[in-house]
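Read through the structure below, which is laid out as structure tokens, and then see the notes.
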Amino acid sequence: MKTTWYCPLDLSTVVEEEEDGVIYTVVVKQQHGTPNSVTSAVSRSQCAKAGTEEKLVLHLLHSFAMGDSSFITIFLSTYRSFSCTGRVLDILTDRLENPPGETERSHIRQSFNRAVCTVFSTWLSEYPEDFKSLGEPSRLLRLAPLFPQDSSSAADLRARLLRIAEELSEKALLPDSHRDQTGFTSSLPDVSKFEPTCILGFPAALIAEQLTKIETELFVRLVPYHCLGSLWSQRDKKGREGVCWSVRATIRQFNKLANAVLASCLWPTNLRSQQRARLLEKWISVAEECRARKNFSSLYAIVSALQSNPIHRLRKTWQETDREAVRRYEELSEIFSEKDNYSQSRELLKEEGTSKFANIDNRINNKHFNRCNAQGTVPYLGIFLTDLTMLDTAVKDRLDNGYINFDKRRREFEVLAQIRLLQSSCKNCVFTSDEAFTQWYQSVPTLTEEQSYRLSSEIEAPGEPSPRGLTPTVIITQCRDLSNSRSSLTGDSDSLFDFPSPVNHLLSKLTKHMRSPSVSCLDVDTSSSTIESTPATLTPTTPTKSHRRSVSCGNNPTYNIQGSGPDMQIIRIRMDLHDGNLYRSILVTSNDKTPTVISSALEKHNQDPQQTSRYELIQLLPEGKELVIPATGNVFYAMTSSSVDFLLRRKGGNTPLGSSPLSTETSATFPRIKAKGRRLVRTLF
């Protein structure tokens with residue numbers, strides 16, 4: 001197979017060649033010499049585009065020589081999407097046992113040995129956890145003696161592998177109760193010591209500094225490949241409870257902060273409206289300070305909590321809130337507008353991602369910058385999770401011939417590289433802990449949805465319309481038609497912060513063979529209730545309210561991809577399960593019949609897809625209405641455009657759609673870990 005493109009402007013030819021299980025993109029460039037020279041130089045590079053698992057792994061040892069200089073970094077960042085550490089090590093070890101070249105001194109052998117040292121040095125430096133998670137040391141004991149004997153770097157690698165093998169051997173001898181647990185832990189809070197109004201006694205700058213300390217430490221420890229859509233979408237499957245632990249930790253902190261805002265504003269129900277308004281003003285000031293420190297994660301958590309329905313509906317409290325504070329709050333809220341796929345947030349990361357300070361108004365500049373140390377940028381991780389999830393949805397994992405689509409991994413790496421660059425800006429940050437605030441923060445009780453709404457109703461009786469003009473629109477749950485977005489993946493960006501969002505470009509290339517997407521990013525845990533394991537959802541409502549927290553990126557979620565297959569739409573389907581109401585996103589095309597959609601939904605909910613005939617599909621319409629999709633109908637054309645929410649109900653059942661007064665409302669924050677029996681929020685992130 002050979003496809004050729006000729007580029008006259010730079011005198012280069014791009015050729016696509018298949019060779020021994022790998023498809024290469026070959027670039028041949030002709031470089032003219034000096035004006036007096038009659039000869040010209042020709043350079044040739046071969047970049048792997050797709051291939052079998054074995055050939056892609058072996059390409060690690062030849063990529064530099066072939067001009068594919070970024071392959072090792074990209075492969076090590078993304079290989080978990082199509083392989084595993086043990087399999088990659090086995091392939092490389094087999095090759096090391098049969099190295100090229102007749103003698104140890106041959107040029108071919110020496111070049112091969114240098115490539116081996118480069119691959120394993122990079123791997124051990126960037127991802128040592130891969131080797132430590134093998135479980136048993138046999139692979140490392142087989143690999144270590146195969147490194148070159150006449151190289152100091154090889155000797156160092158051998159010693160590092162043997163140390164890890166020794167640790168694995170010792171760990172295998174320990175009982176399960178003594179083995180290290182991966183992730184983050186925290187002590188249980190002393191709820192009896194919680195004083196909601198104590199937050200007023202802490203300066204806003206101190207609160208923001210402590211929150212930035214927490215967020216920065218979590219962000220630095222974030223493992224970028226945990227954000228890959230193929231891994232994140234599998235996190236709630238049986239046997240994969242421990243995957244993506246670093247993302248889960250970030251989510252828990254986001255929800256913990258949002259809950260702290262809610263609890264401090266709602267818990268003292270006997271406060272006068274003027275007193276409660278001071279609490280809102282305090283958190284608005286904290287949000288400003290987080291903005292000054294480029295802590296977008298905490299900023300978004302605070303804004304989301306203030307936008308949540310229990311606080312949003314407090315008409316009298318908002319009327320007593322300082323008008324200037326409300327104006328600043330609305331400006332901060334605009335940062336996270338879902339318009340154009342979080343375009344404003346992306347622009348801020350582009351402008352400030354590598355700068356010393358945030359570029360905000362002069363009042364904050366003059367007041368606080370002299371006291372703020374140079375800090376990195378802590379982003380709202382949901383933007384990257386959204387891009388990677390939709391990228392995983394939009395591009396096939398394999399080509400029609402079964403080859404692994406490595407071009408998809410290159411595109412995923414562009415997003416991961418943005419995360420890594422932001423992490424590098426945070427690694428040298430230094431903070432000082434404040435014990436008093438830490439104790440208060442740890443003492444905040446977790447409010448359930450029902451508790452939040454009940455407290456809000458005690459403060460102001462339901463039924464009175466909110467005067468707030470700012471409608472809560474916080475969370476992306478589906479992707480709009482991004483073909484009109486202002487940016488696309490051009491591949492010629494000069495900066496990692498030129499955030500072109502691969503989603504915008506790649507959705508235009510969706511094919512009819514695309515599998516159902518794994519868009520839902522709910523975090524599930526059925527462990528005992530603690531402040532960390534069961535943070536509350538934050539937006540209870542009544543049937544009279546319609547502040548839907550879960551919104552799309554645009555007004556029309558239907559994709560009409562010209563010339564590439566049927567029309568498409570992402571819908572969300574809920575099942576009433578024993579461990580909560582869990583929403584999953586499903587891609588529906590204009591070819592899909594009801595049984596196909598029901599089968600996909602059952603599979604997404606880890607139910608038996610063979611039980612399709614026992615369920616009916618119901619579209620949830622505004623004002624509590626329902627539309628039953630015909631059993632043999634075309635879902636795409638049978639559904640109305642007024643809602644993308646569906647319910648999978650067992651036939652003959654009497655599942656009460658409105659069994660909870662909170663059923664029409666969703667979470668304002670990150671997806672959160674839920675205890676058994678509680679309703680799960682239906683958000684992408």
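The values are calculated or read from the model by the stated rules, or taken from the named source; none is laboratory data. Please read these numbers as outputs of a predicted model, since none were measured by experiment. Here the Cβ positions follow ideal geometry from the backbone for every residue, glycine too, while neighbour counts run over all protein chains shown. Heavy atoms of the whole protein, side chains included, go into the accessibility calculation; ligands, DNA and RNA do not. Shrake-Rupley method; radii C 1.70, N 1.55, O 1.52, S 1.80 Å.
Sorting check: for 284-296, 398-410, which peptide has the highest mean count of neighbouring beta carbons within 10 Å, and how do the rest follow?
Values: 284-296: 25.5, 398-410: 16.7.
Highest mean packing first, the order is 284-296, 398-410.
Over the stretch 16-127, with the other protein chains present, what is the accessible area per residue in square angstrom, probe 1.4 angstrom? Mind showing how you got there, number by number?
Working: 5320 Å² over 112 residues.
Each residue of the stretch 16-127 exposes 47 Å² on average to a 1.4 Å probe.
Calculate the FRET efficiency for Leu200 and Asp322 from the Cβ-Cβ distance with a Förster distance of 22 Å, rounded to the nearest 0.05.
Details: r = 14 Å, r/R0 = 0.65.
Efficiency computed from Cβ-Cβ geometry: 0.95.
How high is the FRET efficiency between Ser133 and Ser433 when r is their beta carbon distance and R₀ equals 25 Å, given to the nearest 0.05? Display every interim value, and only then the final one.
Working: r = 31 Å, r/R0 = 1.23.
Once the sixth-power term is evaluated, E becomes 0.20.
Taking the alpha-carbon centroid of each part, what is the distance from the stretch 50-77 to the stretch 412-444 in angstrom?
Cα centroid to Cα centroid, the span is 33 Å.
At a 1.4 Å probe radius, carbon and sulfur cover how many percent of the accessible area of the stretch 64-131?
Taking all protein chains in place, the stretch 64-131 shows 49 percent carbon and sulfur surface.
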